[in-house]
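The values are calculated or read from the model by the stated rules, or taken from the named source; none is laboratory data. Quick caveat, the model's predicted, so the values are computed rather than measured. Note that each Cβ is placed from the backbone with ideal geometry, even for glycine, and that neighbours are counted across all protein chains shown. Remember, those area values only see protein heavy atoms, side chains included, never the ligands or the DNA or RNA. Shrake-Rupley method; radii C 1.70, N 1.55, O 1.52, S 1.80 Å.
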Amino acid sequence: LPGSPPLPCPRQGGEPAAAAAPAGGGSALIGERRAPWTETELALLSKGSNKFPGGVVDRWGRIADFINVEVAKLQTESHGRTADEVIAKTRDLRKELEKRAARQREQRQQRAAAAATPAAPPKAAPPKPRAAEAGRP
């Protein structure tokens, strides 16, 4: 935004910024796995992606910093997300959206094909015999 200072990004070589580290100096990894993303972090990832569009210098680092700063302001649990985690989560979310869109396209195509296929005309039932023909006197 005009007039506002850019977010500091003291990162080099992919190392997380001190402000990006969670309280206690831990990392976003639990054992060898990444910590699961909270609903708050996912909402901030979306907001940060809009705030820092493609072409912005150090986009992913800025988005990671944005998430970590905003989570700290809200005083909720923070995992100190790194730019690499932001990129990985964005890719995962994009793949999920692409799969969902493909399923929806396939369902629409199936419905359209079913609607376009003419239904076979119902078979006519054999005529019922008349009383005179049924052998009645």
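Tabulated results
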{"quantity": "Which numbered condition Gln109 misses (of (1) at pLDDT below 90; (2) open to solvent by 100 Å² or more (accessible area, probe 1.4 Å); (3) polar (S, T, N, Q))", "calculated": "(1)"}
{"quantity": "Conditions (1) loosely packed, with under 13 Cβ neighbours inside 10 Å; (2) β-branched (Val, Ile, Thr); (3) modelled with pLDDT of 90 or more; number of the one not met by Ile63", "calculated": "(1)"}
{"quantity": "Matching residues in region 37-60 - criterion: being open to solvent by less than 60 Å² (accessible area, probe 1.4 Å), assigned to a loop (DSSP other than H, G, I, E, B) and not aromatic (Phe, Trp, Tyr)", "calculated": "Thr38, Val56"}
{"quantity": "Any chance Ser78 is among the polar types (S, T, N, Q), modelled with pLDDT under 85 and surrounded by 17 or more Cβ atoms within 10 Å (Cβ to Cβ)", "calculated": "yes"}
